[in-house]
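The values are calculated or read from the model by the stated rules, or taken from the named source; none is laboratory data. As the structure is a computational prediction, the values presented were derived from the model and not from experiment. Positions of Cβ are generated from backbone atoms using ideal geometry, with glycine treated the same way; all protein chains shown enter the neighbour counts. To get the accessible areas, we keep the full protein, side chains included, count just its heavy atoms, and leave off ligands, DNA and RNA. Shrake-Rupley method; radii C 1.70, N 1.55, O 1.52, S 1.80 Å.
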Amino acid sequence: MSANPQWDISRALGVAKLFHLVCGARDACVAPFLTLYLRQLGLAAPWVGILMGTKHLIAAVWAPVCAFLAKSYQKRRVLLIGSLLCSVGASLLMVLVPPLDRDRSCNGSHSATATVLPPGVTLTVNVTAAPSSASNHPAGARSLLAEGSPGVSGTDGFREGPGEGSQEPFSHRLDFFAGSTEGARTTSRVLHPVTSGMEDTPWEGALRVVGTSLPLLAGGTAVASPASRSAAKRNSWALDLSLEGLRWTFILSLGFMVFWELLAAPLEQVADDSLYEYLDFVDATDRYRSLWIWRLLGMSAGVCGIAALVGQLDCFLTTSGPRGVVYFYGYSLVSTLALLVSIAFPVPICRRREPSYKMVKALSLVGGDPHLIILGLTVFLIGAATSTVQDFLFWHMKDHGSSELVMGFSVALGLLGEILLHPFRSPLLRKLSRVGTVGLGLGCLAGQLLYYSFLWSWWSVLPAQILSAVSHGALWWAVGASTEDLATPGTERPLSSMFRGQFYGVGASLGSFVGGFVVMRFSLPVLYQACCVVLLLWLALFLSIQPRLPQERKVNYTKLLAMEASDTSDSEQGSERDWLVKAMKDEHSDWRG
């Protein structure tokens with residue numbers, strides 16, 4: 001068998017493990033920190049939510065289409081190599097997006113400083129406009145915000161732009177520069193101009209700050225009052241795409257991210273399908289199940305490594321612009337390494353004639369099975385809730401003073417916890433049943449979201465990350481076991497792919513779209529508390545409806561025939577060792593209660 005390289009299973013598994021390890025590190029270089037980078041570009045939460053929602057939606061729709069075409073035309077290796085090669089350049093396009101604040105230094109400092117006032121104390125800011133001639137302010141000059149230029153920092157901590165200010169309230173300028181590039185850490189001020197009798201210079205005089213809205217700052221303890229929070233809600237500058245700088249930043253970010261996702265999204269599914277079919281030719285698919293661990297190990301190493309490099313190399317690579325360009329350089333470098341590994345990645349040459357309508361058959365199976373319908377709605381809600389954590393948790397941590405290294409360690413902590421819990425997978429599913437494990441996972445996810453809404457320090461997120469082993473790992477084990485047992489022969493993988501790709505991806509897309517506007521209208525804690533309430537309500541409905549569903553006690557003979565020979569040996573004595581009796585008892589215990 002080893003004489004033919006096509007069927008060298010040991011070599012194929014070794015290459016596959018290395019490929020999963022490298023691709024895990026590659027994804028972890030950017031994915032966890034992408035929304036943080038978009039925030040540093042100056043985009044507010046709604047626009048970041050739109051960008052991430054579009055990204056999730058493209059991955060859910062485009063990946064299966066490319067996988068089907070690559071299989072039909074036997075171009076899987078071409079797609080793998082092309083996806084990795086083009087992703088190297090596409091990711092670097094994000095570095096070219098101009099930030100709203102072009103004066104930002106490499107250490108993330110900003111010229112605008114937020115001042116927290118005690119209740120009842122007002123702040124008076126004197127802004128003196130120097131006389132200027134018509135030559136300095138041409139008639140066709142745009143305002144500072146429309147031009148997108150950084151302006152000049154004044155002694156009061158705010159910037160005075162060179163353009164005409166008569167077309168835009170000065171309070172909007174202060175709001176823009178104090179809040180736009182800091183995302184959730186905004187300082188909204190309501191300013192009332194007090195003129196000095198000089199009608200030709202309306203900005204010459206005193207501007208009195210009568211309200212301050214400031215969420216909890218990094219290292220600070222100031223919370224906005226209800227009155228000032230209401231004033232901040234009325235401030236809609238962050239949604240005004242008529243501002244030229246904001247419009248170009250958003251449009252370029254959207255275009256580059258769509259192009260990047262179209263190239264990168266099919267990689268994982270095409271690689272998984274190729275490896276599974278390769279192992280299926282020699283009846284070695286049982287060894288396919290353990291490869292996911294290597295991907296999690298790569299993600300753990302990648303997220304910690306890139307987070308450590310950001311603090312060391314960011315100022316070396318760029319002295320101006322947003323912090324985080326190292327993420328994209330690291331992604332491109334690791335993608336190049338994955339490209340080299342993909343050349344030897346196992347791709348089956350011979351192809352079995354299989355029906356091409358398996359995805360349609362899997363979809364019809366979902367529509368006719370109430371168990372799968374309820375499970376699909378559960379996965380949809382899991383995707384929506386999880387996307388809010390992926391999109392905005394690092395914003396919340398940044399507001400409390402967390403560094404990128406702490407953020408990376410928090411992600412690695414959850415991934416390692418999932419790996420350590422894996423040896424208890426079978427006992428957990430056997431003791432709690434699939435329904436009980438799904439309920440436990442939903443409860444842990446709701447508890448995490450509630451905990452996130454009450455963060456108080458830069459390290460306070462770490463204890464909750466341990467629950468990710470259950471809220472993500474055990475939850476998906478139960479979902480996978482359910483789809484495998486409820487699927488008809490030949491639809492196991494299409495059904496599992498539909499749940500992990502389409503149902504979860506569409507839910508994540510909707511969660512990102514809605515979550516951004518909830519953060520803008522209310523706050524991050526409110527978003528997490530709302531998600532917690534929705535999950536708890538669905539958990540109660542999920543558990544209450546299960547006894548009323550029709551109980552299906554069928555034996556999956558495909559799985560029985562694939563059991564190890566030790567379970568079917570003729571030397572085993574007694575009915576307790578008989579594989580058919582044992583399987584029927586397991587099937588009965590799974591749906592009991």
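Among residues of the range 479-505 that are of a type in the set (G, A, S), those with a beta-carbon under 9 Å from a residue that is part of a loop (DSSP other than H, G, I, E, B) and surrounded by fewer than 19 Cβ atoms within 10 Å (Cβ to Cβ) at least six positions away or on a different chain give the pairs A487/N556; G490/E354; G490/P355.
Scan the range 44-67 for residues that are assigned to a helix (DSSP H, G or I) and among the small types (G, A, S) and jot them down. Please lay out each step first, then the result.
Pass one, the range 44-67, residues assigned to a helix (DSSP H, G or I): 45-67.
Across the range 44-67, the qualifying residues are A45, G49, G53, A59, A60, A63, A67.
Can you find a residue in the range 317-326 that is over 19 Å from T35 (Cα atoms), open to solvent by 40 Å² or more (accessible area, probe 1.4 Å) and among the hydrophobic types (A, V, I, L, M, F, W, C)? Yes, because at least one residue in the range 317-326 is over 19 Å from T35 (Cα atoms), open to solvent by 40 Å² or more (accessible area, probe 1.4 Å) and among the hydrophobic types (A, V, I, L, M, F, W, C). Look at the range 375-402: where a residue is at positive phi and a partner is at pLDDT below 95 and surrounded by fewer than 24 Cβ atoms within 10 Å (Cβ to Cβ), sitting 6+ places away or on another chain with Cβ atoms under 6 Å, you get G401/A218; G401/G219; G401/W458.
Which ones in the range 24-62 are among the β-branched types (V, I, T) and either under 12 Å from the mean Cα position of the chain (by Cα) or under 21 Å from A307 (Cβ atoms) (or both)?
The initial filter retains those residues of the range 24-62 that are among the β-branched types (V, I, T), namely 30, 35, 48, 50, 54, 58, 61.
Passing the criteria: V30, T35, V48, T54.
Regarding Q502, is this residue assigned to a helix (DSSP H, G or I) and out of contact with any Pro (no Cβ under 9 Å at 6 or more places or on another chain)?
Numbers: assigned to a helix (DSSP H, G or I): yes; out of contact with any Pro (no Cβ under 9 Å at 6 or more places or on another chain): no.
For Q502, the condition - assigned to a helix (DSSP H, G or I) and out of contact with any Pro (no Cβ under 9 Å at 6 or more places or on another chain) - is not met.
Yes/no per residue for (1) more than 26 Å from V411 (Cα to Cα); (2) modelled with pLDDT under 95; (3) surrounded by fewer than 24 Cβ atoms within 10 Å (Cβ to Cβ):
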position: T483; (1), (2), (3): yes, yes, no
position: A487; (1), (2), (3): yes, yes, yes
position: G490; (1), (2), (3): yes, yes, yes
position: R493; (1), (2), (3): yes, yes, yes
position: V506; (1), (2), (3): no, no, yes
position: V526; (1), (2), (3): no, no, yes
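Quick check: is even one residue across the range 374-392 touching a Cys at 6+ places or on another chain (Cβ under 6 Å) and crowded, with 24+ Cβ neighbours inside 10 Å? Yes, the range 374-392 has at least one match. Filtering the range 401-419 to residues that are buried (at least 20 other Cβ atoms within 10 Å of the Cβ) and outside any helix (DSSP H, G or I) leaves only S402. Candidates in the range 68-85 are the residues that are assigned to a helix (DSSP H, G or I) and either outside the structural domain of L340 (by the TED database) or over 15 Å from L263 (Cβ atoms) (or both); of these, the one that is least open to solvent (accessible area, probe 1.4 Å) is R76.
Within the range 265-295, if we keep just the residues that are open to solvent by less than 20 Å² (accessible area, probe 1.4 Å) and part of a helix (DSSP H, G or I), the residue that is farthest from E418 (Cα to Cα) turns out to be Y278.
Checking each residue in the range 420-469 for being not aliphatic (A, V, I, L, M) and not in a helix (DSSP H, G or I) picks out S453, F454, W456, S457, W458, W459, S460.
Each residue in the range 4-23 was checked for being touching a Ser or Thr at 6+ places or on another chain (Cβ under 8 Å) and crowded, with 19+ Cβ neighbours inside 10 Å, and 1 of them qualify.
Determine, yes or no, whether L279 is farther than 30 Å from L43 by Cα and over 20 Å from the mean Cα position of the chain (by Cα). Spelling it out, L279 is indeed farther than 30 Å from L43 by Cα and over 20 Å from the mean Cα position of the chain (by Cα).
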